[in-house]
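Enquirer: Dropping a structure here in structure tokens format, bear with me for questions.
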Amino acid sequence: MPALATEKCSAEIGSWGFVVKRAAERCRRLVSEAFFRSILFTAVLMTTMAAGAGFCDEPAPDTWRILADEMTFDQEKDLYIASGGVSIERPRQRLTADYVRYDRSSRRVFASGHVILKTDGDTLTAESAEIDLEKETGTLYGGSITTTVTNFHIKADAIEKTGAATYVARNASITTCDGDNPDWKMTCSDMEVTVDGYGVARDTAFWGKNVPLLYSPVMMFPAKTKRQTGFLIPEIQFSDRKGFDVNQPFFWAINENTDATLYANMMSQRGTRIGSEYRYLFSEETQGALMLDFLRDRKIDDGSAEASERWGYKGDAYTRTNMDRYWFRMKHDQQFGYGVKAKLDLDVVSDQDYLLEFEDGYNGFREVNDYFLGTYGRGLDDYNQTTRKNQLNLNKTWTLYSFDADLLWNDDVLKRRWENTDNTIQQLPHLRFSGLKHRVVGANPLYWDLASEYVYFYSNDGNRGQRGELYPRVYAPLAYRNYFTFEPSVGLRETIWQVDDWEDPSGKSPASFNRQLYDVKLDLSTEIYRIFSMNRLGVDRLKHSIRPQIVYDFIPEQDQSRFPRFDAFDRIEKQNLVTYSLNNTLTARKPVALEPNTKDAEDVGKRPNFTYSQFCYFKLSQSYDINEARDSDDPRPFSAVVGSLELNPAPAVGLRADIGWDPYTSRFISHSETVMFANDRGDALYAEFRHAAEISESIVMTANVILTDRFSTYGKYERNLKDGKNIETGVGLRYTTQCWGVDVSGMQREDDSIYRFMIHLYGLGQAGTSIAAP
């Protein structure tokens, strides 16, 4: 038996492309994906070796490579044998074993001794493996799988590939707990799976430590390697307004680009609310989601004392007599050619109380708003707003110019349902063309920018008309050495209206109006700074900058009473105002510590030598109204002194304060203070106090405190100090281990109290009960 190679002989044994996409986060509550993605790698290995050439041949592109301390070939038996640190690998995928035997005539491979398969960070180990390369079948004995993302640990006496996409696992257990004696696990006697199909597990049991808690003789589940169709964890609660409340979601993986979630929200007192969500992703720039809920409500607010108390909400004088209730919302982003982008936002609700009623939960307002903000970067109008914005926007941006086109429809729910006339102003369309500030031409010292618009105002029962405006502005910045900068500018505003059925105070009915108005602005500023050397907290330099600024704004007086008034921009008030401010900033410089092994001078030169952070900002400003001082009988030309402070003394600490001080009454007319703290351990604190004289006064506090490695507590306190009423208060206790946790909390709101007990099994999902009482 002549030895063909020793001392790490290598060979190329075939190629086959393989990509596995990770499942959508919403579907990770189902168990099967991580298990079968790792098993699927076994099939890849079998298939790629089936196309293998001889050992130690010249390597071909995109092939698997085998490495071993020793490799021999038995010509009589047509058998390759590799031993000692055997490795079969390609990028991100690797099989290692102590011993590999390859029968070229039967196309069978046997591996034994510390058999390990690794792919994309997941690890499958076995005592031994037998692989039939011709039939693409095989068995791994004494196998276990550990996944990186979900931390699944799967063990089985044998994992057998019985066909092109079918598998059998015998005496298998699944858990996300580390260690040989997990806190929980799921076991089954055998499991049959078809990849991208379904699986059947028999004699399935759920264990807490060594105690069996639940048993099912048969369990069926989806075995998708991408996304999985199936039921998600239900949401269960009890409340005085809804009774026993179960919300069961069902996820439907339609294809690679689209999916949907269906909800059946069964409420013993109110009926069944049916919900649906449809999501699509065709590219990074083209995606969308549309959602619809419907409820045939058994309860109404007909205005009677009992009905309003039980089924209505405080805050307005309107009842809610409709039984058919719905909510439709949608976001869509579209990328067209030539850099044109489109955004569509729709939000239509049946009545003013619907979003208050369904503020929380899987398909409630808060969950949907957070999803829209996180995915599309824009959310919904607040849940207590009775006017909902619906908008289509088209945008095109150049280097110095931009164009926006909007169709804006404001749906006033109260006017739509309760009033005979609806004079809500819509903008169909609203076009804007803008230019950034840039030089007029070449080396000319003048700069200019541009704002222009066209809008058509429409209302069902009110006035209709259109407005166009052109508003260029010219700047002439000047600088005297490094002492100060002075920037005068002049703007000219030309506005034209064309209106339908309009009568001005004179009794005439002109069809059009126009307005010419100029304004002047003078901006004078300077900067004084000093750099201090220091050696504390890693800071070697500290820069203190003081920037005084004076701005003068002038707009001449003009009688505008005869002009139409569709929105606030139809009136430009006169202005003769001087605003002076003082800005203080403190900026710290920290040297960047290089890695000890850094030796390449060129590489060091590419690294930033310092980091800069602005840890303190303080601004004071006040205005003086010349018109007020000159024309008023009781002049009070000085505005309130406005101050703003931002302080970040450490990475985990943030402070902010805003004040408004009236110089005539010598008191604060408004102030707010905010404290934020968060560290790497998980402790967090947020506290905010707001006061506006004669208007409101409130405090909001939230906190999360790590008590031990496993226990933490959290709470929220929000109170309207002016009315003396608590808005929301609550506290919770959380117990977490490496693979499961328990969450107990109580929350008191204005209308009810909610108590929750939740059990989390990390990797599987959560289950629990929420109990709400009036």
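Enquirer: Taking 0.36 nm per intervening residue step and subtracting the Cα-Cα distance, what contour gain separates N255 from M323 on full extension? Before the final figure, lay out the partial values.
Expert: Details: separation 68, 0.36 × 68 = 24.48 nm, distance 3.60 nm.
This chain segment gains 20.9 nm when fully extended.
Enquirer: Still on this structure: In the stretch 256-316, what is the volume of the convex hull around the alpha carbon atoms, normalised per residue and reported in Å³? Kindly include the intermediate steps, with their values, before the conclusion.
Expert: Details: hull volume 6.8 nm³, N = 61.
Output value, Cα hull per residue: 111 Å³.
Enquirer: May I have the pair-distance distribution P(r) for the stretch 425-537, computed from all Cα-Cα distances with 5 Å bins from 0 and rounded to whole percent?
Expert: Values per bin, smallest distances first: 2, 9, 13, 13, 13, 10, 9, 8, 7, 6, 4, 3, 2, 1, 1, 0.
Enquirer: Normalized C-alpha radius of gyration of the stretch 322-461, against 2.2 N^0.38 Å? Working shown, then result.
Expert: Working: Rg = 19.3 Å, N = 140, 2.2 N^0.38 = 14.4 Å.
Normalised Cα radius of gyration, the stretch 322-461: 1.34.
Enquirer: If you don't mind, there's one more thing I want to ask. Using modelled amide H (1.01 Å from N, peptide plane; none on Pro or chain starts), what sits under 5 Å from the amide H of I254, excluding residues fewer than 5 places away?
Expert: D259, A260
Enquirer: Here's another thing I want to ask about it. Please calculate the 1.4 Å probe accessible area of W398, with all protein chains present, and give it to the nearest 10 Å².
Expert: Around 120 Å² of this residue is reachable by solvent.
Enquirer: Distance check, please: which entries in K209/K242; K331/K396; K389/K716 exceed 26 angstrom between their Cα atoms? Mind showing how you got there, number by number?
Expert: Numbers: K209/K242 37 Å; K331/K396 19 Å; K389/K716 30 Å.
The answer is K209/K242; K389/K716.
Enquirer: Still on this structure: Once you wrap a convex hull around the alpha carbon atoms of the stretch 620-774, what is its projected area averaged over all directions, in nm²? Before the final figure, lay out each step's value.
Expert: Working: hull surface 54.6 nm².
Hull-based average projected area comes out at 13.6 nm².
Enquirer: Considering only Cα-Cα distances, which of the following residue pairs are longer than 30 Å: K161/K185; K118/K590; K314/K574; K299/K725? Display every interim value, and only then the final one.
Expert: Details: K161/K185 24 Å; K118/K590 41 Å; K314/K574 41 Å; K299/K725 28 Å.
Where the Cα-Cα span goes over 30 Å, the pairs concerned are K118/K590; K314/K574.
Enquirer: Another question about this same structure. Could you calculate the contour length gain from N720 to A657, that is, 0.36 nm times the residue separation minus the distance between their Cα atoms, to one decimal place in nm? Display every interim value, and only then the final one.
Expert: Values: separation 63, 0.36 × 63 = 22.68 nm, distance 1.94 nm.
Using 0.36 nm per residue and subtracting the Cα-Cα distance, I get 20.7 nm.
Enquirer: Out of the total accessible area of the stretch 524-569 (probe 1.4 Å, heavy atoms of protein only), what percent is carbon and sulfur?
Expert: Numbers: 1770 of 3250 Å².
The value for the stretch 524-569 is 54 percent carbon and sulfur by accessible area.
Enquirer: Here's another thing I want to ask about it. Could you tell me the convex hull volume per residue, in Å³, taken over the Cα atoms of the stretch 261-404?
Expert: Numbers: hull volume 16.9 nm³, N = 144.
Taking only Cα atoms, the stretch 261-404 has a hull volume of 118 Å³ per residue.
Enquirer: With the crude spin-label approximation of a point 7 Å out along Cα→Cβ, what separation in nm comes out for F668 versus T194?
Expert: For the pair F668/T194, the computed spacing is 7.0 nm.
The values are calculated or read from the model by the stated rules, or taken from the named source; none is laboratory data. The shown structure was predicted, so the numbers you read here are calculated from the model rather than taken from an experiment. Cβ atoms come from the backbone with ideal geometry, glycine included; neighbour counts cover every protein chain shown. Accessible surface areas use protein heavy atoms only, side chains included; no ligands, DNA or RNA. Shrake-Rupley method; radii C 1.70, N 1.55, O 1.52, S 1.80 Å.
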